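Let me begin by presenting the structure, written as structure tokens, before commenting on it.
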Amino acid sequence: MIDAKLYQEQFPGFSFVSQLDISQPALSNYEYQSIEGGKLVITSCKQANGIDISKIVDYDYFRFKLLLVSCKAIDKYSTASTAHTNNFPSKLNTNFIYQLPAAITPLLSKADTIKRQDLSIKFYDASIQITLEKENIFKLLTKADEVYLTLLARGDFTSDGFEDLLIQSEWYARNAHGKHVDLLILSRPDKGRPVEIGWRLNSID
């Protein structure tokens, strides 16, 4: 039996006061500027989820988006159960990241989705450089982009008995102002087969 695990250090400003119920953490040091000129002090995910993101000024928009994704991650983690089998390494390394689906990066368009389909990161872009920035945080560097993959939690999110990984994926354009963030669940019910994306927050229809 493999208990679900949340990497709380990946949630700065989140206070998990109860180990029995971590679905409603208290938040601190989360302040944003609204387009109406007022300051928004966020103290809970419930409060954050009730705010219209279009009311946030441009320079705080992405930072607020990151908070919403963190809150969604906590929500997803609350549904994780104990796994019976683990087909992922106990500690992630760069060799493992190279094998992940190329579509793990935030998808920008249908064309981008099609290009990455059924390819690993390594086969999609042989020139990509992957480095370990901190424990469970990996940087993917290409000529045009910078992507960060952060392991947020482990557990059985798909109710099939196998351990899954909850990953935050951030994309930044190196020579422009584009940036995007996504949240994904990686599954591997068969150790002999490639890792699959079992769920993602932002899909391209």
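The values are calculated or read from the model by the stated rules, or taken from the named source; none is laboratory data. What you are looking at is a predicted structure, and each value in this text was computed from that prediction instead of being measured. Note that each Cβ is placed from the backbone with ideal geometry, even for glycine, and that neighbours are counted across all protein chains shown.
How about segment 48-84: which of its residues are in a loop (DSSP other than H, G, I, E, B) and among the β-branched types (V, I, T)?
Within segment 48-84, the subset in a loop (DSSP other than H, G, I, E, B) is 50-52, 57, 78-80, 82, 84.
Within segment 48-84, I51, V57, T79, T82 meet the criteria.
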Being at pLDDT 95 or above and touching a Phe, Trp or Tyr at 6+ places or on another chain (Cβ under 9 Å) narrows it down to one of I121, I167, so name that one. I121
Selection count where residues are more than 11 Å from the chain's Cα centre (by Cα), in contact (Cβ under 8 Å) with a residue 60 or more places away in the chain and under 14 Å from N87 (Cα atoms), scope segment 178-196: 7
Quick check on my filter: what residues within segment 136-170 are on the phi < 0 side of the Ramachandran plot, more than 10 Å from the chain's Cα centre (by Cα) and in a strand (DSSP E or B)? I137, F138, K139, L140, L141, D145, E146, V147, R154, D156, F162, D164
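Do we have any residue at all in segment 104-118 that's more than 24 Å from G178 (Cβ to Cβ) and in the same structural domain as G178 (by TED's automatic domain parsing)?
Going residue by residue through segment 104-118, those that are more than 24 Å from G178 (Cβ to Cβ) are 118.
Remaining after also requiring in the same structural domain as G178 (by TED's automatic domain parsing): 118.
Taking every residue of segment 104-118 in turn, at least one turns out to be more than 24 Å from G178 (Cβ to Cβ) and in the same structural domain as G178 (by TED's automatic domain parsing).
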Name the residue, out of N202, N93, N175, that is under 14 Å from the mean Cα position of the chain (by Cα) and in contact (Cβ under 8 Å) with a residue 12 or more places away in the chain. N202
Scan segment 85-135 residue by residue and report those that are among the charged types (D, E, K, R) and assigned to a helix (DSSP H, G or I). K110, D112, K115, R116, K122
With the requirement that a residue be touching a residue at least 40 places away in the same chain (Cβ under 8 Å) and not aliphatic (A, V, I, L, M), what does segment 96-119 give you? Q99, P101, T105, P106, S109, K110, D112, T113
Qualifying position, being modelled with pLDDT of 95 or more and buried (at least 17 other Cβ atoms within 10 Å of the Cβ), among D156, D145: D156
Per the list (1) surrounded by 13 or more Cβ atoms within 10 Å (Cβ to Cβ); (2) more than 27 Å from K191 (Cα to Cα); (3) in contact with a Ser or Thr (Cβ under 6 Å, 6 or more places away or on another chain), residue check on S44 breaks on (3)
Out of the residues in segment 1-55 meeting the condition of being under 26 Å from D164 (Cα atoms) and among the hydroxyl-bearing types (S, T, Y), tell me which one is modelled with the highest pLDDT. Y7
